[in-house]
Each structure stands twice: as structure tokens, then as C-alpha cells.
Amino acid sequence: MMGSSGFTGRDVISARDFSRVDFERIFKLVDGLEAAPGSMDGVLGGKLAALLFFEPSTRTYSSFQIAAERLGMKVTGFAGPTGSSVTKGETLHDTVRMFEGYGADVFIIRHPKMGAARFAAEITDTPVVSAGDGSREHPTQAMLDLHAIRKAFGKVDGLKVGMLGDLRYGRTSSSLAYALSNFDVEMTFIAPDSLQMRSEVSHFLSRRGVKPKVETALKNVVGSLDVLYVTRIQKERIPDPTEFEKVKGLYEVNLETLRDAKPTLKVMHPLPRVDELSTEVDETDHAHYFVQAAGGLPLRMVILNLVLGGAS
Ligand code: CP
């Protein structure tokens, strides 16, 4: 059994905080769990997970909930602001304090404001796991994305990964870029200028000696890619509706746009998708997004178990 020193009590706020050694350790544990699916059932019996989701979610909420329950934990909290006292104006501070008082052993927080998870971590000694932080970060999504890449190719090093779409307001692509910067990967950011990756991400990568290629058109690079990571235009986060109108429907990945792709290309997407990824791709060998999403359950079981110091 591998112990969990180094992770116990740790906050999971940014993919920047995790090293290659950390990722490889997580992946080894996920591999072990996938090989023996019941092996972690009940190991965190008696503990309480507080899922505080101030924004809607399907995958992240459900997979954390199922993960916690499979580990034997009790789950409390809310799946969106409706139904909680957030609608009456209660603050994040007071909400965290309340669930701390109810004995939460871990907070899993999704919030529309950037920095909310970090703020929560500063006001409580209980570990905080970000489940999506404004337009900035979604660290456990990056972990499951990397795991899905490994699953498809047996490795991460040496791959060419293109990220397409709303790289500016989409939090999953920035977290994935941070995570990939630990590996020998050629990244290409494919987006119109107004949706290109934010400068703080590029600066971080640059400090690590990573210089992604920048493209505006998928057709210029699709034939060279091993992974195409498609993202939705984040209508809800683009500050100016006229800006959204300019980029709405600008790209769609379909059989035609993938015509020159390598047969081994894997198309990924954090989901939900709207119109940027055609369902006609679903039946091809390129489609990897449902495998990707399914991997979120064992990944989140491993993360909760590590953070809470359970045997693994
Ligand atoms: N990928 C992702 O974060 O999906 P949800 O918004 O449904 O949680």
C-alpha cells in the first residue's frame, strides 16, 4: 500500500501546484483503482465531504459525489446556488464557516469568481479542492485530461496537443496547459485573437521554457496533432455580448474538419459541448471525450483519498 504523505491535508487549487512526480503518483493510483475497481470502497468511512457548487455542473458535481460515496463518505452541500442561502446574499466566507461547523472534512468548491477556492482555503484549515474557479482553473479536470491522454497513448511525452476554442475564458484549457508543461509536449493554441490564451498562462509557460505555437485556424495544424482538445465558447463569461456574437459558431469540429487528421488523433472535450463538436465524430475512433469524462470518477476518488490521508 502506498502511503499518502505529501498530499494529506493539501489544497487542490491550481494545476500549477502539482509537479510531474505528483501527477505520476496520481496516475499510478488511478491505474491501480481501474485495475481493481472495488479496492478503495469504504476507505474513508465516517468522513464528510461538503460540495459547495455556486455554479451549475453535471460531471464535476456528480463524479465528486459518487467518488465520495464510493469511498464511504457522507456528502452534504448544494449543487448550485438555487436551494441554498447564497440566493439570500450569504457570503462564501459564512458558507464555509457553516459547513466547517457541521464537521466537513473536505470542501469541494465551484465558484464563478476567480480566486474563490484560494480564498476559501485561506479561511479554513480543512482541505479545499477546487471544482472550477471562474475562468481561471479547473485542476482536477486537468488531472483527468492528462490521465485520458495517457490512457490513449500510454504516455504523455512526445505528443502534439492542440487546444481549440475559447482558451481565454475556458478554465480547463489553462489548467491543462499548466499540467502539460511538466511533460515534453508540443502545445498549439488554436483560437481567434480575442479568445487566445491569457497572458498570465503564457508567461507561466515561458518561465518553464515552454513556448506553445499559436494558430487561428485548425486546418493549418490538424494533420500534425495527436490530441485535439476542443472547448466550448464560454458565453456566460464573455463580458460583452457583442464580443460573443463575433465568435459564436466560428468553429465546429466535424468529419470534414478532421479529414486530414492522423487516424490515431484523439479528440477530447471537457464537456458540455454545444455546437463546436459535431455528434458525427462520436462514432469515430477519434472520439475520446466520453472515456475522458468517465475517468473523472476514479481520478476524483484518488484525489479525495490522498487529500484525506486514507490508505491507497
Ligand atoms: N467538465 C466539467 O467541468 O463539466 P461540468 O461543468 O458538467 O462539471
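Any read-out appearing in this document is the output of simple, stated calculations on the displayed coordinates, not a laboratory observation. Quantities reported herein were computed from a predicted structural model and do not represent experimental measurements. Here the Cβ positions follow ideal geometry from the backbone for every residue, glycine too, while neighbour counts run over all protein chains shown.
What to note about this one:
- Over 32 Å apart at the Cα level, from the set K113/K219; K47/K155; K28/K266; K28/K246; K213/K235, are K113/K219; K47/K155; K28/K246.
- Neighbourhood net charge (15 Å Cβ-Cβ; Lys/Arg +1, Asp/Glu -1) for T124: -3
- Applying a DSSP loop filter and a limit of 13 other Cβ atoms within 10 Å to the chymotrypsin sites (Phe, Trp or Tyr not before Pro) in the range 81-180 leaves Y102.
- Only helices enter this figure: runs of n ≥ 4 DSSP H residues, each worth -39500 (n - 2.57), summed and divided by the residues of the chain, yield -10000 deg cm²/dmol at 222 nm to the nearest 500.
- Among residues other than A68 with Cβ under 14 Å from its Cβ, the summed charge is +1 (Lys and Arg +1, Asp and Glu -1).
- Shape of the range 235-290, Cα gyration tensor, a/c cut at 1.5: prolate
- The packing ranking of peptides 120-126, 23-29, highest mean first, is 23-29, 120-126, where packing means the average number of other beta carbon atoms within 10 angstrom of each residue.
- With both residues required to sit in the chain, DSSP beta bridges show an antiparallel share near 5%.
- Alpha-carbon centroids, the range 203-281 and the range 1-79: separation in whole Å: 28 Å
- Overall shape: prolate for the range 74-175, with the ratio a/c of the largest to smallest alpha carbon gyration tensor axis at 1.5 or above and a/b above b/c.
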